[in-house]
Structure formats: C-alpha cells, structure tokens
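Report on the structure given below.
Since every read-out is calculated from the coordinates, none of them should be taken as a lab result. All values derive from a computational prediction rather than experimental measurement. Cβ placement follows ideal geometry from the backbone for every residue including glycine, while neighbour counts extend to all protein chains displayed.
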Amino acid sequence: MLIKHCLKYLFKSNKFLFFSINIMILITSFMAFTLLITNNNLETVNENNQALKQEDFQFLPKLSKNDINIFASQHQISLEEIEEKNFNQILFDHQISYRDIYGDKISGLQKNYGFISEIQQSKFFEVNGNNFRVVKHNEKINKFFFVKGEMAAEDNEIVIDINTAKKKDLNIGSSFIIKEKEYIVSGIAGFPGLINPNMSDTGLKIYKPATSVIVSFNDKQYNALNEKEKIYYAGVWTSQKPQEIPSAEVEYLLEKNDNTEINILDLKISMNKMIIGVTVTLLLSIVGIMLAMVLIKMIQDNLKTYGVLKGMGYKNYELIFSFSPTALLLILPVSLGILLSSLMNNTIFGVMNNDLLAPYPNKSMDMFFSVSVVSIFTIGVLAFSFLIIFLFLRKNSINLIRETSQAKNNLIKRVLLKLFARKKFLSNLRNKFIFRNLFVFCLVIFSGFALGVQILMSMGMSGFPDQMANSFEKQYKYEYKSILNDKVNITNVKDAQGYFVRNLKIDSKNNNSDDISLIALDSNEKNQYIHFYDYETNKNITDQLSNGVIINKWFANKHNLKVGDKLTVYDNQKNNDVTIAGINLDLQGNELYTSQTYYEDNFLEKVNFYSGFYSKDMPIMDKGEIRQTIVQKEQYEAIKLNFENYKIISGAMLLLGMLLGGILLSISIYIAIKTGEKNILLLKSMGYTNSEINKVSIIGYVYPLLIGIAISIPYFILLSKLLFGELSKSANFFLPMQTSLVNILTVTGFSLLFFALVAIVYMMKIKKSTSFQKLLAEQL
Amino acid sequence: MYIIQGLSKSYKNGEIINQVLKGIDLNIETGEFITILGPSGSGKSTFLNILGGLDTDFQGKVKFFDKDLATFNEKQMVKFRRDNVSFIFQEYHLLPTLTVYENVQVGQYLSVSKSSIDDILEKVGLAEHKNKYPSQLSGGQKQRVAIARAIIKNPKVIFCDEPTGALDSSTAKIIMSLLLNMNKENNITVILITHNTELANLSNKVVYVVDGEIDSVKVVENPLSLEKIVW
C-alpha cells in the first residue's frame, strides 16, 4: 500500500518532475553507452587492422652511388640518363619494376633491422567530380578486408570500397562503370592500411568522403592504367623492439605515429575517450545531484504523511522500503538509453566515422556489462535514498508532523536575508521567497552552472577546427613546400626559404624519451614564410628563432615546458642543450623550429644543404631533385576537413547542454512554483497583481541562475586547464578550451533567454491559476 | 453593498453534475456582521469564494456597489480584491518564512492609507511577538496575525471561513472579539462562515444555507454580547 503511495507520488502528483528526471537520465545513459559502444568499435577496428597487418611505417630505401651504378649496368641505362630524368620515368621507359631496383636493398634492410615489407601502389584520377584511388592488391601488408566476395580475377572485375557500395547500393555482381568501361563487382572491401583513404597522391589533400571512391583491379588492369601513381614500401616490425633505421639507409621513413592517414583512427579513439571522460563525468554529476535533490524533495513532501503513519505504528523499515519505487527513476531510463543507443549506434557510428574505410564491427554493449551497470547504479540509488530517508525518519512522529513547512528560518537563511536586505518591500519579499527554499535556490544555481559548463565546453570545442586551421593559415605564408631528394642548390629558385631537418630525441621532464624534428630555417628576412605567434599573447615571435627553439602548445604542454627552459636534444653521437624561445599557436606536432644561425652556433655544425624549401611559386626544378611538393592550400583544406567532426560533436554537446540545462531549469522553476503555490495563491487572493506575483515568485530566480553561470566560468577554466591539459598529453593534439568574453556573454545571453522562455511559461501558468480551492483546502 | 440574484454554481464530475448553489438571492449592507450557517457540503464556502472574487465561474448576478462581478475581467477582479476584500482562513495561511511584522506588511503593501503595522499589532495584542516566525506562535496568535493582515488592508468586507474552527474556546473568544470590534469601529462588513450556531447570535444577520439554497435569513435586532455566548 505504501509502495502504491510512492508510485502515485512519482507518476501522478509529480509526473513532470518524474519524467524530466527520466529524460535527463535517458539522455545521459544514451550518450554514455553510445560513446562506450563507439569506442569499443573503434578499438575493434584497430584490432582488425592489426590482424590485417596494417603497416607500422612507410619508407623508400636510399640508393647509394654504388647501388645506382649496379642498377644502371644491370639494366643498360646510361648514368647520364639517370642524371637527366625523373627516376619514375626511367622505370616506366625501361619497364623496370621497383622490386628490380630495390629488391636486394630491401632484403638487406629487413634482415638488419627486423621487419617485413611490401610495395604499396595506388593510382589516382578524377571522373565527374569523383576522386578515384585504385589500390593494387597487397599480399602481406595492408591486406584488404573482404566484407563480401573476393579479389578481382578477371579483367572486367572490380573490388569497391564499402562506403561506395553503400552509397550506390552495389552488391556482388552489380555493374559499375568507370570512364565508360563497365566492370562487375567481385568484392566489397575495407582498406585497413588506408584508414583515411580519401588522400590525394600528394598525401595531403583529403577528398570529401562523399566524392571519393576506392577500387581495386587485377594486376593486369592496374598496370594498364596510365594515371598518377603513388608508390612506397610498407613495413611491419617483426622484432619486439623496433630498431631505428638511420637516415643514410632510407630516402624517407614515415612512422605510424607520424602518419596522418593512420593517425586519424588513434586520434578518434583518444578524442572519443576524452569526450567520454569529460561529458559522462559531467552528466553523471548533474544526474547524481538531481537524484539527490528529488529524493530530498520527496521526503520533505511526505514527512507529515510519514509522521502520521509512524504515529499509527508503522515501523521505520516499512516506511523506508516504501521508497523502493525510486529505483524506477534509474532502471527505466537507463534501460531505454541502452536500448536506444544499441539501435542507433550503427547510424551514429556511420555518420561520425564516414572517413574510415574499415567495416563497422557492429559490436554492441556486452549484456552482462549493461545489466551490471544498471544494477550497481540502482543499488547505489536505493541505498542512497534509504539512507537519506532513514536520517529523516529517526525523529518521532509528532516532530515529523510539526516540522513540515513550519520551520523557522535557519542561520543560513537569516544570513542570506540580512545580506540581501532591500528597502523596497517587493524586493525584500522576493528575497524571502527565494531563500524560503534553499533546496530550490541551490537547484537553480546548479542549473545555471550545468548550463554554463555545457555551453562553454561546446563553444570551446567548436572553435577547435577553426583555431587549428587559422593558426596554420596565419603561420604558414608559403604557397608550396618542396621536399628535396638530395643535396641541391636552391639559389636558383625564386624567393625560396630553405630549411634543414634533423630527427633527434629528447628526454622529457618525466624521463620519457620522445622523437622530435628540429627544423632550422634559413635566416632570410626577405623570404620569411613561416611566422610564429605567441600562444598566449598572439604577438609575433618569429625573431625569437635566433635565440633558441620555438615549440608548439601541445609539445609544451606534453613536456611541461615554458619559455626560457633548457631542453637537451641528442642523437647517437652527442647531446645539445637548446633554449625554449617561444611557444606558438600550433596545437600538434613534434617539430621544433629554430634559425639556421642558432643551429650552427649551438650544434657547431654548418648547414651545407637543405632538406626542403618554401616558395611562393611552383618550383621549376628537375623532378628528380624534388621528392614531393606540397600545396599549402591543400594542406589547409586537409587540416580543416580532418577536424570537421569536432563541429558535429560540439554541436551535439551544445544541444545536449541546452536540453539538460533547460530541463534542469524547468524543474527548478517548477519545484519553486509547486512548493510556493500556496503563497502565490494567497497573494493572488489578497489582490496582488500577476506582475507583482511574478516579480516575487519567478523573476528573482534569475539571480541564482547568474550565480551558477558565474561559478561555471572559473570551474570551466580550471577544468580545461587541468583535465584537458592532462588529456592532451596522452592525445596527439592540444585541445584548447578557451574562455573568451564572447563565449561568456553568449552563455549568459543564452541562459537568460532560456530563463525568460521558461519564466514566461510559468508566468502564464500563474496567470491562469485560480485554483483557490487548494488554498482553502486543509492539507494532511 | 452586495446584491445577489439567482446565484448558481455547479461542478461537473464526469457524467455527474453537482449543483452546489441553486439560485441564491441575498442583499448585504455595508457594516453588517453576517453569519452563514449550514452543514458541511451545503455550499457555504463556494458562496463565500464567489462573493470574494476567488471563484468567477458562476451563473446569476453578484453586484458589488452596482458593479456586476460576472462582468469583471481578470484585471478588474484583481483590483476588486485588492481594494475591497480581505480573507481570514481557518488554516491562517501565513507566510512561514516571514516574521509577524512582515506578514502584516504583506497586507499593508496593498493599502493606500498605509496604517501603522505597530498600531495594528498592538490592537491584536501581538506587539511583543512582532519578530517571531509563525512556527513560534500558537494557533490563536497565528489567527490574530491573519486578522491584523486583513485589517491593515483597510477592506470594505472581510470574509472569514471558520476562523475559530481550529481554536480552543478562550482563544476563539479573543478572535471573535477582534472581529466584532473591527466591524463596529471601522464599519467593515464581516461575512463569517461557521458551524457554530452560538456564534450566529453575535451577528445581526444569519443566513442558513442548506443543500445550495438559502433556507432562511434571520435578522437579529439585538445581537448578544460575547460574554453571553456559551462556547
């Protein structure tokens, strides 16, 4: 019977409160489980990729003069031709495969450094605005993941990527036309080695997933394609402890950690974990406090009833167990949240990860785990509610009956009232109304706080892609970046700024070794293409290059470095101390920049050649001298596109914050009105106007709301400094959470607007309220 | 003051229509002390709520100084209650977080004349309790605060719904004496609802309501004094 009373209290008398809390918990559990399932799946993708032998590094062996002489004599090519022509052109003209040139060299490297390798080839072309990447089938490394079918065997067969198959509704046996030639789909595959498959041949431009198509033909068809080709060797370490391959042995070496394509998955996983950590903790704390507050309200509302029941002879444990239905506050929405997230996760994963070309593992949440989570939380909530009720019910029945709503102002209330005493009667009455119920007062403060933190966080996150892109645009003023193949004189290149790269190591303050690239820039004031701006002040600090090294914010945060610190960098031969001369706007990367003069003075080593150069115009050099030319605009677009997902996430967080903050605020005002309903009706019966009543009973709550927002600002600053600072160390980027005046004003403006909307709804309710019977009716 | 003609009121409870008031006709003059008697559920409180402007959903005419309450919009009704009416409830309905003084101040805010709160509290015998909270007062003291709050508005009519219902006889006597004085000294019309037939002897008009209808109206030429009432 008593349980029935509790059920009726929740479902009938307080249905608004009950359903609001349920919605909040539903959203939180949906969000938490979606993030957990997504993370589970991303990690499964990662595991699958390992099973398919995803590359550990990319490289091209360096041919010594002796190697080239042997190669020339073996294939009867004159050394003059090798000097004159692009190496790829030579191979094409003489129908020589890469295996023929690098074969012996590769075997030696594999043996000496403990890895296996395989050549990776892909060709690029564009048809009707779609960017095609034709990938040659791999046997050992970066193997295809066949979701359906098999590799193309016949000349008219094609393997297509899973996204294209989905977009164009293709299946095995479907027809697919490229450049007016019809192919039959023999397989649908994921491409684990090419986690971000939408890259251009330069490796920098990222095509939009919507317009990119990855296919594979048989070798004969692939070789027949006369298109731009990207070739590299992919390696997988066979030894436990990878050995460092010296630069003298390889033309270039790109480790998995530095590979933007492969890094995206790691970035997603670390980003996802960061969001899980922050959002779920924040949401759970909101829900936890809400639950506690609702329980206290429930008890306070029923104290008189329970006093009477106790007087009738009911025992404490009988009364305590009558609160068992409070478990429904958790079981219903969490179960629904899990169900919804299981149903929707497939779609959400697809939208959030449309740039991944790995098949979605579709791993749902482990049933045992879900049930355990729900049970633990339910037991926790029940234990918590029983404890609170026990504390309240310790008093004897007569005290329980007497205490209800007639308690005199306690010390806190008296201090608050004295502190906020006003001369105007209505203002004073408003304060008395607000402080009447400290529970509601705190609830409104908390809703302002929650609203503030959520909006500040989503705004902080939404600025991240733009900040990345803007810092890039602001700093890098070149149009082209060319990476040189060999020691080349660049004085012929118009307005070029050369740079010299050394790959070194550092020991961080935590004694962790880390790889860095020290880039010494040509100290040419006229052609200064790289500008550095201080992270804090935004002041141009490019001239500091001559006083030490300039590092980026992520690197500084990761190694706890500040301007003026000394950093020891070393290679196999010797150590050198460098001074941190500045921390610039960049948010990722382990590149340390300095000037050529500082490098030469400090390392006692003359820079005789450049690793590459920056220029305004497209360099006209023999292509054999330039390994790669990167177009700045493409790089800029790539960065922007790479972080586009953050906008979706921040948008979702903003919506969530608005929803939760809105619900919380509505609940607060609802409780404020509900608990003060008799007072409102009394004033109304006496002839107080609606505007006077609104002023006294609703509008005053704008102050605790503002207090909540005010608290949320330093809290958020602290949260972003501590939590995000720590998380950024383990991630491979620095997530700036800046709290600008614009953000604060937006939060305040938005919260006030939301408050106004909620207030108007309740003002209308007060206006319509003529239920004086409630006032006249005697309550138990 | 009030001319009531054919006042009816019904509630619909599902399919069942409950006729609470059935065509009541009554005239009330300024300065009268009227007692409305009747059994529970006879419609007394509903009648009082309509006259006080709390309940606007009724049929018939309720004229207050020639103005029909039925024609008042919400704003006019608020003004009517603000300028003319005070209520005293059995359950006191004081604001628990306000002191005695502040509770009376809630009434004073609405009056134009702004009488002194201290004088009123002196009159009701609560001067020394003015800084106490309702939870620190006895039932009789709470009702005296409610009376002070009602008087300070300087209303033309005070509606009292069982004002002594929850009080012992000696306290009830004090409350009734305050109401009688208020009626006599300030010429305020008092409309009192009670079950207590003895109390009816204090008033100069007694209205018996039975089953939503006026059973009889008795004009009392010489009301008894408080001392002669048997509680």
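If the chain between A:ASN575 and A:GLU83 were fully stretched, how many nm would it gain, using 0.36 nm times the residue separation less the Cα-Cα distance?
Numbers: separation 492, 0.36 × 492 = 177.12 nm, distance 3.77 nm.
Full extension from A:ASN575 to A:GLU83 adds 173.3 nm.
Backbone amide hydrogens, once placed in the peptide plane, bring A:SER611 within less than 5 Å of A:TYR499, A:PHE500, A:VAL501, excluding anything fewer than 5 places away on its chain. Site pair A:LYS181 and A:GLU473 shows an inter-label distance of 4.1 nm when each label is modelled 7 Å from Cα along Cα→Cβ. The alpha carbon radius of gyration of region B:135-229, expressed as a multiple of 2.2 N^0.38 Å, is 1.10.
Each Cα pair under 8 Å and six or more residues apart adds its separation to the average, and for chain A the resulting relative contact order is 16 percent. Ranking A:ILE490, B:GLY165, A:ILE583 by Cα position along the charge dipole of the protein assembly as shown, where only Lys, Arg, Asp and Glu carry charges on their C-beta atoms, puts B:GLY165 farthest toward the positive end.
Under the shape rule built on the C-alpha gyration tensor, where the axes satisfy a ≥ b ≥ c, region A:81-182 is oblate, since a/c reaches at least 1.5 while a/b does not exceed b/c. For the residues B:THR197, B:THR171, B:THR97, a GNM of chain B with alpha-carbon springs under 10 Å puts the largest fluctuation on B:THR97. Computed about its Cα centre, the charge dipole of chain A is approximately 6860 debye, with only Lys, Arg, Asp and Glu carrying charge at their Cβ. Using the rule -39500 (n - 2.57) for each DSSP H run of four or more residues, divided by the residues of chain A, the 222 nm mean residue ellipticity is -16500 deg cm²/dmol.
Looking at this model, which pairs from A:LYS768/B:LYS79; A:LYS8/A:LYS765; B:LYS12/B:LYS44; A:LYS310/A:LYS678; A:LYS558/A:LYS616; A:LYS767/B:LYS123 are more than 28 angstrom apart at the alpha-carbon?
Working: A:LYS768/B:LYS79 16 Å; A:LYS8/A:LYS765 23 Å; B:LYS12/B:LYS44 18 Å; A:LYS310/A:LYS678 26 Å; A:LYS558/A:LYS616 34 Å; A:LYS767/B:LYS123 36 Å.
In this structure, A:LYS558/A:LYS616; A:LYS767/B:LYS123 exceed 28 Å between Cα atoms.
A dipole drawn for the protein assembly as shown from +1 and -1 charges on Cβ atoms has a positive end, and of A:LEU387, A:GLY103, A:THR211 the residue lying farthest that way is A:LEU387.
Using the Cβ-Cβ distance between A:SER107 and A:LYS633 with R0 = 45 Å, the FRET efficiency computed as 1/(1 + (r/R0)^6) comes to roughly 0.65.
Volume per residue of the convex hull around the Cα atoms, evaluated for region A:472-609, comes out as 112 Å³.
The distance separating the Cα centre of region A:531-579 from that of region A:690-726 comes to 39 Å. Taking only alpha carbon atoms, region A:31-125 gives an Rg to Rh ratio of 1.21, where Rh is the Kirkwood radius. Normalising by residue count, chain A has a Cα convex hull of 210 Å³ per residue. Placing +1 on the Cβ of every Lys and Arg and -1 on the Cβ of every Asp and Glu, with nothing else charged, gives region B:151-231 a dipole about its Cα centre of roughly 380 debye. Over region A:532-630, Cα pairs under 8 Å with separation of 6+ residues give a relative contact order of 30 percent. Per the Debye formula on identical point scatterers at the alpha carbon atoms of region A:285-335, with no solvent, log10 I(q)/I(0) at q = 0.13 Å⁻¹ is -0.39.
Other residues whose C-beta falls under 10 angstrom from the C-beta of A:TYR614 contribute a net charge of 0, scoring Lys and Arg +1 and Asp and Glu -1. If the chain linking A:ASN156 and A:LEU343 were pulled fully straight, counting 0.36 nm for each residue of separation and taking away their Cα-Cα distance, it would gain 63.4 nm. Averaged over the residues of B:92-103, the number of partner chain Cβ atoms lying within 10 Å of the residue Cβ comes to 5.
Roughly speaking, what is the stretch gain from A:ASN608 to A:GLU249, that is 0.36 nm per residue apart minus the C-alpha to C-alpha distance, in nm to one decimal? Please report the intermediate quantities before stating the final value.
On the way: separation 359, 0.36 × 359 = 129.24 nm, distance 1.98 nm.
Going from the current span to full extension adds 127.3 nm.
Legend: mean number of C-beta atoms from other chains within 10 angstrom of residue C-beta atoms, peptide A:676-687, equals 6. The fewest-to-most ranking of A:PHE146, A:PHE446 by surrounding Cβ atoms within 10 Å reads A:PHE146, A:PHE446.
Normalising the Debye intensity of chain B to I(0), with uniform scatterers on Cα atoms only, and taking log10 at q = 0.10 Å⁻¹ returns -0.46.
Quick one: which of A:743-755, A:659-671 comes out on top by average Cβ neighbours within 10 Å, and what's the full order, highest first?
Values: A:743-755: 17.8, A:659-671: 22.5.
The most tightly packed comes first, giving A:659-671, A:743-755.
Under a point-charge model restricted to the Cβ atoms of Lys and Arg (+1) and Asp and Glu (-1), what is the dipole moment magnitude of chain B relative to its Cα centre, in debye to the nearest 20? Before the final figure, lay out the partial values.
Details: 25 positive and 26 negative charges, 99 e Å.
Charge dipole of chain B: 480 debye, to the nearest 20.
Counted by Cβ distance under 10 Å from A:ASN679, the other residues give a net charge of +3, where Lys and Arg count +1 and Asp and Glu count -1. The distance between label points at A:THR44 and A:LYS765 comes to 4.4 nm (points 7 Å beyond Cα on the Cα→Cβ vector). Farthest toward the positive end of the dipole of the protein assembly as shown, out of A:TYR252, A:VAL373, A:LEU329, is the Cα of A:LEU329, where the dipole comes from beta carbon charges about the Cα centre. Each residue of region B:61-159 gets 103 Å³ once the volume of the Cα convex hull is shared out per residue.
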